[in-house]
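Comments concern the structure below.
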Amino acid sequence: MRHSTMLRIGPVGFRVGSDWRAPVATLNELYRDYPQPDIPDFNVRLFAARPWRRWVRPSVHIAGDFVLPESAPLPLAQGLLAAEMGMNLQMALGQRRYLLLHASGVERDGKALLMTGESGAGKSTLAALLMTRGWRLLGDEFVLIDPATGMAHGFPRLISLKNEAIAVMARAAPEGRWGPMLTDTPKGTIRHLVPDARAIAAMDRPARPALLLFPNFGFDAAERTVPASECFVRLTQASTNYVALAEPGFDALATLVRSIPARAIDYPDTTSALASVERLWDALA
Amino acid sequence: MHRYRAAPAATLRIEPLDSLTLIYHRTSGITHVVDSPVPELIAALDNQTLTLDEALAALAAAHDLIDPDRAALAARLGELTQAGLVEQV
């Protein structure tokens, strides 16, 4: 392809090729502190469906080693989003080394707090806020569980913040480095925040899972213990490669839900959620 | 009269969690999350073939069932046979 770059996020290397310069330039700027992979695990391609569509109403199609048929192209102004979606897609469809959980994660004292939930539940925002309060960010989208060790490996890609969460994080991380404001995306307005230096520097250091939370934003504060069997079912739904990993995935997930406590927390605002997180974490000790 | 036995033990990973039990079926790669009496039934049919009535008696004796339900057990055995966790012989 005309333009390309390589980057490594946690244990996973990507090569991103593009028909246009801009998405690659943006990636290079935002991922400038990330290491290069020796050999990329996955390829992502951003391409124009027809040669003239590089210039005329340029629209970015996403392809790679693994593709979803019928995925809609994005306007060139959202090229960064296309690249991020392409990388996520490779992980979701192609990751076989780790059990992939659609969850955010943060670490403290070598122990990992995992948060999972539907889109809009607040897992990205909470992980990003915790990052500004002394926790190490493992990732806002995927946590990778090593079936051999049970350890949680980070995947600290750019933090994808949507709509109201953008202003919340702009206040919480005034020194943060940001990507462009992407308006009118399929998920509203999106802006990417670069994880802090600590998250990037320590991204190869796994953490032992210690607490699993199911946050749910927009409700009165409430908390309940989630039984292991419910955790298991919800995490299979939150994993795109559970079935593909077969028995090692079963082992990894059964061990995980047995070994750590889990709580569902409803919260009306982030202050309340952060207080719940800190209290539940302190109660582990 | 149908006789039933559990799928070979080597093909099943049975992991009790809380009130529910996980069964990973190696043959199909499918994970089943099951409630009582399925784990008890599979245990009763491990390494032996039983008729429906014998299975009912075995469950009733082992778990102090006051009111064993033959039709419900027949339905469960049908489901488990369909899933491959129990074999009809």
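The values are calculated or read from the model by the stated rules, or taken from the named source; none is laboratory data. Bear in mind that the values here come from a model prediction, so they are computed numbers and not experimental data. Here the Cβ positions follow ideal geometry from the backbone for every residue, glycine too, while neighbour counts run over all protein chains shown. Please note that ligands, DNA and RNA were not included when accessible areas were found on the heavy atoms of the full protein model with its side chains. Shrake-Rupley method; radii C 1.70, N 1.55, O 1.52, S 1.80 Å.
Helix B:52-63: angle to the longest alpha-carbon principal axis of chain B, degrees 0 to 90, nearest 10? Value to nearest ten degrees: 90. Computed with a 1.4 Å probe over protein heavy atoms only, the accessible surface of chain A comes to 43 Å² per residue. With a Förster radius of 45 Å applied to the beta-carbon distance between A:D204 and B:Q82, the computed FRET efficiency rounds to 0.45. Measuring between their Cα centroids, region A:1-67 and region B:39-89 lie 56 Å from each other.
By how many degrees, 0 to 90 and rounded to 10, does the Cα axis of helix A:270-284 deviate from the longest principal axis of chain A? On a 0 to 90 degree scale, this one is about 50. Take the Cβ atoms of B:M1 and B:V33, set R0 to 35 Å, and the FRET efficiency comes out at 0.65. Calculated on C-alpha atoms, the gyration radius of the protein assembly as shown divided by its Kirkwood radius gives an Rg/Rh of 1.06.
Expressed in nm to one decimal, what extension gain is obtained for the pair A:V243 and A:K187 from 0.36 nm per residue of sequence separation less their Cα-Cα distance?
Details: separation 56, 0.36 × 56 = 20.16 nm, distance 2.77 nm.
Full extension of this stretch gives 17.4 nm more.
Taking all protein chains together and rolling a 1.4 Å probe, B:I14 ends up with roughly 70 Å² accessible.
Note on the protein assembly as shown: dipole from Cβ charges, positive end direction compared against A:M181, A:Y267, A:L100; the farthest Cα belongs to A:M181.
The slack between B:L52 and B:A9, meaning 0.36 nm per residue of separation minus the straight C-alpha distance, is 13.5 nm.
Of the trypsin sites (Lys or Arg not before Pro) in region A:4-107, the ones in a loop by DSSP (not H, G, I, E or B) with at most 11 other beta carbons within 10 Å are A:R32.
Within chain A, what whole-number % of the accessible surface is contributed by carbon and sulfur, with the 1.4 Å probe and all protein chains included in the calculation?
Details: 6420 of 12140 Å².
In chain A, the share of accessible area belonging to carbon and sulfur is 53 percent.
Spin-label model, A:R32 to A:T255: label points 7 Å out along the Cα-to-beta-carbon direction sit 4.1 nm apart.
Sparse packing (at most 13 other Cβ atoms within 10 Å of the Cβ) combined with a DSSP loop state is found for the following GluC sites (Glu not before Pro) in region A:126-208: A:E175. In this structure, B:A62 and A:E223 have a Cβ-Cβ separation that, at R0 = 45 Å, corresponds to a calculated FRET efficiency of about 0.70. If one takes the longest principal axis of the Cα atoms in chain A, at what angle in degrees, from 0 to 90 and to the nearest 10, does the Cα axis of helix A:228-237 lie? Its long axis makes an angle of about 0 degrees. In region B:13-47, the residues whose accessible area drops by at least 30 square angstrom when the other protein chains are added to the isolated chain are B:R13, B:E15, B:L17, B:D18, B:L22, B:Y24, B:T31, B:V33; the probe is 1.4 Å and only protein heavy atoms count. A simple rule links phi to the HN-Hα coupling: the Karplus curve 6.51 cos²θ - 1.76 cosθ + 1.60 with θ = phi - 60°, which for region A:209-221 gives x, 10, 8, 10, 10, 10, x, 8, 7, x, 10, 4, 4 Hz, with x for Gly and Pro.
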